[in-house]
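Q: Quick one: this structure, given as structure tokens, is what I'll be asking you about.
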């Protein structure tokens, strides 16, 4: 590990974990698990599956903490582990839903004056393909730099930019199909 701890708030905890410090690992879990769980929720959706993937993610973090090379931030590395496990699980299920398959969602009335904007976005995100949902989650909810996203997804940074562009367009389309003008939000 060759990054100064000041650049990465979790590096010291991971280094201590690599040395077998269970308390440091518990703190690392407390500080990062909610973000990873939210990411997995958007990627996978199935709560039982999410819990299993989360356990396996932290098992791998514990086992592989000494192998961390510092090529990314610790959280980026951990999200990459979670992503790989989630993709294996998604591959087992082989499912993809489209808004066209759910007319009840399209027809649902949403009152933006009384409704929760987070709920609106959550519903719209759930209508996107897993690839679009994931890229928007990493870029906007996890607040990762395109460079970090490229590292997690193992794609060029220019591809990340392109995917974000198309995912935002798909989100706008999903909102419009739900009867919401993006200018209203």
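The values are calculated or read from the model by the stated rules, or taken from the named source; none is laboratory data. Note that this is a predicted model, so its numbers are computed, not measured. When we count neighbours, we look across all protein chains shown, and the Cβ atoms used for this are built from the backbone with ideal geometry, even at glycine.
Q: May I ask you to verify whether residue 42 is assigned to a helix (DSSP H, G or I) and buried (at least 18 other Cβ atoms within 10 Å of the Cβ)?
A: yes
Q: I've got another one for you. Please verify whether residue 48 is modelled with pLDDT under 90, surrounded by fewer than 19 Cβ atoms within 10 Å (Cβ to Cβ) and within 30 Å of residue 122 (Cα to Cα), treating the condition exactly as stated.
A: yes
Q: Which residues, taken from the range 142-156, are surrounded by 14 or more Cβ atoms within 10 Å (Cβ to Cβ) and in a helix (DSSP H, G or I)?
A: Of everything in the range 142-156, those that are surrounded by 14 or more Cβ atoms within 10 Å (Cβ to Cβ) and in a helix (DSSP H, G or I) turn out to be 146, 148, 149, 150, 151, 152, 153.
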